[in-house]
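Engineer: Just dropping this structure here.
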2 protein chains.
Amino acid sequence: MRTSRQRQLILDLVRSRALNHPTAQDVHDAVRDHMPGVSLGTVYRNLHQLVETGEIMAVQSEGPVHYDWNREPHLHLHCRRCGSLVDVPLDLEATVREQGRALGHALEEIDIHVRGTCSRCLGSTNKPQ
Amino acid sequence: MRTSRQRQLILDLVRSRALNHPTAQDVHDAVRDHMPGVSLGTVYRNLHQLVETGEIMAVQSEGPVHYDWNREPHLHLHCRRCGSLVDVPLDLEATVREQGRALGHALEEIDIHVRGTCSRCLGSTNKPQ
DNA sequence: CTAATTGCAAACGTTTTGCAGCGTT
DNA sequence: AACGCTGCAAAACGTTTGCAATTAG
């Protein structure tokens with residue numbers, strides 16, 4: 001894998017935390033602020049490579065895939081009100097892995113989605129984000 | 001909600017376990033064996049309604065949504081080799097819910113995906129399903 | 001009767017891909 | 001020079017929707 005200005009920018013943006021669990025489209029918008037010519041196809045191709053090399057994580061809940069710089073074990077609260085994804089630190093891997101072993105499966109990735117309402121939305125009676 | 005021959009057939013098929021975590025397309029194929037004229041749109045509309053009323057569950061992993069008759073707490077092993085989904089009985093809801101409460105979130109749905117290789121594929125050196 | 005449900009086909013949002021040219025090594 | 005990467009545009013994919021006709025209560 002060679003280096004490219006596009007891929008480096010994409011990685012920097014996702015890692016910067018300026019974007020909260022961005023979709024490919026979100027990343028594309030942000031990338032174009034710095035490099036206007038970058039195509040959506042390039043963003044998708046690079047996000048895939050970055051997931052493959054473990055630099056970032058892909059999070060699939062409902063609708064488009066979101067990307068996450070956080071490589072620690074955690075799960076995602078998908079807020080039904082504002083649509084945001086919030087990281088919830090919780091390591092269930094050992095528990096799940098043990099159960100898998102008991103059933104003879106080889107587990108590689110554990111991916112947990114939680115849907116509900118985030119604390120920010122619970123604390124307000126206003127319109128969602 | 002009225003009854004319709006199409007919806008009843010769809011529910012019976014998903015509940016019959018003849019289909020293993022079928023996608024909408026799988027259900028459509030199976031439905032047409034019994035009622036050739038049924039459209040894919042009708043299958044999608046009915047699967048949504050059945051999820052809404054809690055008769056079946058939707059499972060989102062990678063690619064298309066899969067449907068599951070199993071309403072007990074469990075997680076899904078998505079086999080990377082044969083693509084199958086296998087139920088893994090394990091109730092993590094209490095653990096996850098407690099963590100959510102500590103962070104002030106209101107949790108509604110907990111959805112756990114595990115990717116790896118299922119026992120069936122581990123036990124064979126042959127081509128995937 | 002009436003309103004939910006249907007088949008059909010077109011449209012949708014997201015993602016992937018073929019291609020010719022460009023950039024890195 | 002070789003080959004990975006790019007922008008572009010078209011296509012693929014899974015899903016949703018508008019419509020007029022049909023069907024269940």
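The values are calculated or read from the model by the stated rules, or taken from the named source; none is laboratory data. The shown structure was predicted, so the numbers you read here are calculated from the model rather than taken from an experiment. Here the Cβ is made from the backbone with ideal geometry for all residues, glycine too, and neighbour counts use every protein chain on show.
Engineer: Looking at this structure, is residue B:45 within 28 Å of residue A:61 (Cα to Cα), modelled with pLDDT under 95 and of a type in the set (Lys, Arg)?
Structural biologist: no
Engineer: Pick from A:5, A:32: which is charged (D, E, K, R), at negative phi and without any contact (Cβ under 8 Å) to a residue 12 or more places away in the chain?
Structural biologist: Of A:5, A:32, the one residue that is charged (D, E, K, R), at negative phi and without any contact (Cβ under 8 Å) to a residue 12 or more places away in the chain is A:32.
Engineer: Further question on the same structure: State all residues of the range A:41-69 that are among the polar types (S, T, N, Q) and not in a loop (DSSP other than H, G, I, E, B); if no residue qualifies, say none.
Structural biologist: If the condition is that a residue be among the polar types (S, T, N, Q) and not in a loop (DSSP other than H, G, I, E, B), then A:42, A:46, A:49 are the ones that fit.
Engineer: Quick one: which residue in B:77, B:19 is within 14 Å of chain A (Cβ to nearest Cβ), at negative phi and of a type in the set (A, V, I, L, M, F, W, C)?
Structural biologist: None of the others qualify; the one that does is B:77.
Engineer: Which count do you get for residues in the range B:5-40 that are part of a loop (DSSP other than H, G, I, E, B) and more than 22 Å from residue B:86 (Cβ to Cβ)?
Structural biologist: 5
Engineer: Pick out the one residue from A:88, A:59 that is within 14 Å of another protein chain (Cβ to nearest Cβ) and either out of contact with any helix residue (DSSP H, G or I) (no Cβ under 8 Å at 6 or more places or on another chain) or of a type in the set (Phe, Trp, Tyr) (or both).
Structural biologist: Within the list A:88, A:59, the selection yields A:59.
Engineer: In this structure, does residue B:2 turn out to be away from every other protein chain (no Cβ under 14 Å), within 14 Å of DNA strand D (Cβ to nearest atom) and either out of contact with any Ser or Thr (no Cβ under 6 Å at 6 or more places or on another chain) or part of a helix (DSSP H, G or I) (or both)?
Structural biologist: Judged against the criteria, residue B:2 is a match.
Engineer: Return the residues of the range A:91-122 that are farther than 29 Å from residue B:121 by Cβ and either among the basic types (Lys, Arg) or more than 8 Å from chain B (Cβ to nearest Cβ) (or both); say none if nothing qualifies.
Structural biologist: A:115, A:120, A:121
Engineer: Next question, about the same structure. Restricting the search to the range A:5-60, which residues are more than 17 Å from the chain's Cα centre (by Cα) and either within 8 Å of DNA strand D (Cβ to nearest atom) or within 19 Å of residue A:74 (Cα to Cα) (or both)?
Structural biologist: A:5, A:6, A:35, A:37, A:38, A:39, A:40, A:41, A:42
Rundown of residues vs (1) crowded, with 19+ Cβ neighbours inside 10 Å; (2) touching a Phe, Trp or Tyr at 6+ places or on another chain (Cβ under 9 Å); (3) of a type in the set (Phe, Trp, Tyr); (4) under 26 Å from residue B:87 (Cβ atoms), yes/no style:
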site: A:43; (1), (2), (3), (4): yes, no, no, no
site: A:56; (1), (2), (3), (4): yes, yes, no, no
site: A:77; (1), (2), (3), (4): yes, no, no, yes
site: A:81; (1), (2), (3), (4): no, no, no, no
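Engineer: Considering (1) assigned by TED's automatic domain parsing to the domain that holds residue A:17; (2) surrounded by fewer than 16 Cβ atoms within 10 Å (Cβ to Cβ), say which one residue A:89 fails and leave the rest.
Structural biologist: (1)
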